[in-house]
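Undergrad: What follows is a structure written as structure tokens; I'll ask about it next.
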Amino acid sequence: MRALALDVPPQQLAVDAVAVALAGGQPLAGAALELDRLLGGLISEVLGAGEHRGRPNEVLPLPTGGRISARRLLLYGVGSGSDLDGQRLRYAHHEMVRAARNYGYRRLGVVCAPPLSAGQLGAVVEGCVMGAWERRSRQTGSRATSLDELQVTGFGTGRGDDVAAALQMGEATNRVREWQNLPPNELTPDALAGIGREVAGRHGLDLEVLGPDELRAGGYRLLLGVAAGSAQPPRLLRLEHRGAGGSGPRLALVGKGITFDSGGLSLKTATGMETMKADMAGAAVVLSALDVIAARRLPLDVMAVVAATENMTGPAAQRPGDVVVGAGGKSVEITNTDAEGRLVLADALTLALRRGATHLVDLATLTGAAGTALGHAGTVAVSNDEELWGLTERAAELAGDRAWRLPLYPEYRGLLRSRIADLRNSGYGEAGAICAGMFLEQFVENRPWVHLDIAASSWNDNDDLTSIPRGPLGSGARLVVKLAELLAAGDR
Ligand code: BES
Ligand code: MN
Ligand code: ZN
């Protein structure tokens, strides 16, 4: 797909359709008003009749009757006021482009009249690129229209770099979604490591891939314990972009890469397992983010660490009741084999620390409780460090990739207490997302750390949430790239 920012009046865009953003309840202004005039008051008539209310996911095609160069006008809503943050804006454009493709438009113009500010160009382009993602790519005979060209106008000239960056970030997000969607018989732990190899190869990054022998030698028994029930060998990989050559902070992005989570012997229900091929979303995010970070040659040392394995029920599977000591040296009583993410992440965090990481950010589809807390609308965060959290919060806002912090009250520590080991791996049912985060905190050796639980924010399976796209969302990728940029710029 091509994306261009043009300084051409919307009535002259050479496209199939011109999409015009409507903000709920706000009067037409700027280019939209001009288009309305050229079209004999068509837009205001539709608005006056209440046929469009400017809400996200409200997309209405109208014929232009040859009065402008495009054959169709596409009215779409973006919401308004304080509703309109970067995530809403991106998803509104996602849904608009999806509708445009359903109508068969291959070349699309997007008119960004007020109320969108100049800074929102990136949001518009990223959202549109995400909407161009083809989720049915594996269906034989699928003939969904692909978007060939996006022309954005209303942001002025000289925005080529901004458009290119947004296109790159949108495509990186789409890659995460593609990987989330890969069937687990294809995306095995070794195949996931293969993606890491490709990313490393593309940019000449340091690469380390540990298999079962190296994992045993390094004492990574928490990861090995989870992998024990699977016929697929686990992989622990690390790739690093040395953008600062060893000076300044060394950021580790640590991703949960469970390529399928059956729950292990604490088996999930059939419905509980349905989307568990995407339990590697955290891994996908850190690999795709590092790809962008390396491509942009950010002046920062950033490593991606991925713990890749299945969680299965084979004859050697670990049992509830097992006690396992991982690379971090703490003993863990496995009270629930379905709380496997924190186990593999604990070892991955230890690897990152052993390799010199100074700042840790982990991303994981870790708990159903994250969905209970925030639903699909945002990522649950916990952190032990005000400064790193402050940067993360800013990055989330700038990237339109929401994260909301929950507290680590000391009282919750009791939820991790085991009678026979240092820790137990599952709590007692309350504060589930926090409890999982607190388990990880035991393995970060007091380094600045942020944990992002993307269990619900990275996949929307709720039909009622129409202003959030369905299926994989790639959440977290935009956030961590932005965070690395802030760190690289010395914003700390
Ligand atoms: N992968 C799941 C979490 C999950 C649930 C992700 C739903 C996406 C959608 C994780 O491994 C898990 O099973 N967590 C358990 C933890 C519990 C046993 C303490 C959960 O949330 O039920
Ligand atoms: Mn699980
Ligand atoms: Zn899991």
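Undergrad: If you count, for each residue, the other Cβ atoms within 10 Å and average over each peptide, how do 324-335, 426-437 line up from highest to lowest?
TA: Top to bottom by mean Cβ count within 10 Å: 426-437, 324-335.
Undergrad: Sequence-distant or interchain residues sharing an amide H contact under 5 Å with Ala252, placed H: which?
TA: Amide H to amide H, under 5 Å and 5 or more residues apart or across chains, Ala252 pairs with Met303, Thr358, His359, Leu360, Val361.
Undergrad: Could you size up the charge dipole of the range 156-256 around its Cα centre, putting +1 on the beta carbon of Lys and Arg and -1 on that of Asp and Glu, and report it in debye to the nearest 20?
TA: 260 debye
Undergrad: Same structure again: Can you tell me the order of 395-401, 120-126, 83-89 when each peptide is scored by its average per-residue count of other Cβ atoms within 10 angstrom, highest first?
TA: 120-126, 395-401, 83-89
Undergrad: While we're looking at this one, here's another question. Which semi-axes, in whole Å and largest first, does the equivalent ellipsoid of the range 184-488 have when worked out from the alpha carbon gyration tensor as the square roots of 5 times its eigenvalues?
TA: Ellipsoid half-lengths, sorted descending, are 26, 22, 20 Å.
Undergrad: PRE reach from Asp148 (point 7 Å along Cα→Cβ): which of the range 82-111 fall under 12 Å by backbone N?
TA: 105-108
Undergrad: I would also like to ask the following. Under a cut-off of 26 Å between alpha-carbon atoms, report the lysines in cross-link reach of Lys277, not counting same-chain residues fewer than 8 places apart.
TA: The reachable lysines, counting only those whose Cα sits under 26 Å from Lys277, are Lys256, Lys268.
Undergrad: Could you work out how far helix 386-399 tilts from the main Cα principal axis of the chain, as a 0 to 90 degree angle to the nearest 10?
TA: 30 degrees
Undergrad: Which ³J(HN,Hα) values, rounded to whole Hz and listed in residue order, are derived for the range 184-196 from phi using the Karplus coefficients 6.51, -1.76 and 1.60 in 6.51 cos²θ - 1.76 cosθ + 1.60 with θ = phi - 60°, glycine and proline given as x?
TA: x, 6, 8, 8, 7, x, 5, 5, 5, 4, x, 5, x
Undergrad: Once each part is reduced to its C-alpha centroid, what is the distance from the range 388-409 to the range 419-473 in angstrom?
TA: Answer, in whole Å: 14.
Undergrad: Further question: Per-residue counts of other Cβ atoms within 10 Å, averaged by peptide: what ranking do you get for 63-73, 377-387, 346-356, highest first?
TA: Taking the mean over residues of other Cβ atoms within 10 Å, the ranking is 346-356, 377-387, 63-73.
Undergrad: Next up: What is the list of residues in the range 401-424 whose amide nitrogen lies under 15 Å from a point 7 angstrom out from the Cα of Ser331, following Cα to Cβ?
TA: Only 417-424 fall inside the zone, counting backbone N under 15 Å.
Undergrad: Residue by residue, what Karplus-based ³J(HN,Hα) values in Hz, rounded to whole numbers, does the range 70-82 have, using 6.51, -1.76 and 1.60 with θ = phi - 60° and x for Gly and Pro?
TA: 7, 6, 9, 10, 10, 7, 9, x, 10, x, 7, x, 6
Undergrad: Can you pull out the chymotrypsin sites (Phe, Trp or Tyr not before Pro) in the range 39-105 that DSSP calls coil and that have at most 16 other Cβ atoms within 10 Å?
TA: Listed in order of number, the matching sites are Tyr103.
Undergrad: Based on alpha-carbon centroids, what's the gap between the range 208-261 and the range 1-65 in Å, whole number please?
TA: So the two Cα centres are separated by 49 Å.
Undergrad: Using the Cα centre of the range 437-492 as origin and beta-carbon charges of +1 (Lys, Arg) and -1 (Asp, Glu), tell me which of Leu452, Leu483, Gly437 is placed farthest towards the positive end of the dipole.
TA: The residue sitting farthest along the positive end of the dipole is Leu483.
Undergrad: Give me the extension gain from Ala29 to Arg216: residue separation times 0.36 nm, minus the current Cα-Cα distance, reported in nm with one decimal.
TA: That works out to 60.8 nm of additional length.
Undergrad: Return one number: the angle in degrees, 0 to 90 and rounded to the nearest 10, between the long axis of the Cα atoms of helix 432-441 and the longest principal axis of the Cα atoms of the chain.
TA: Computed tilt is about 60 degrees.
Undergrad: Continuing with the same structure: Roughly what angle does helix 121-131 make with the longest principal axis of the chain, taking Cα atoms, 0 to 90 degrees, to the nearest 10?
TA: 80 degrees
Undergrad: Could you point to the residue in Ser262, Gly218, Ala228 farthest towards the positive end of the range 184-488's charge dipole, with +1 and -1 charges on the Cβ of Lys/Arg and Asp/Glu respectively?
TA: Going by the Cα projections, it comes out as Gly218.
Undergrad: At 222 nm, what helix-only mean residue ellipticity would the chain give, in deg cm²/dmol to the nearest 500, using -39500 (n - 2.57) for each DSSP H run of four or more?
TA: Counting only the DSSP helices, I get -10500 deg cm²/dmol.
Undergrad: Check each of the GluC sites (Glu not before Pro) in the range 1-79 and keep only those in coil by DSSP with at most 13 other C-beta atoms within 10 angstrom; list them in order.
TA: Glu51
Laboratory data are not the source of any read-out in this text; all were calculated from the coordinates shown. Model, not experiment: these values are computed from the prediction. Quick reminder, even Gly has a Cβ in these numbers, built from the backbone with ideal geometry, and neighbours come from all protein chains shown.
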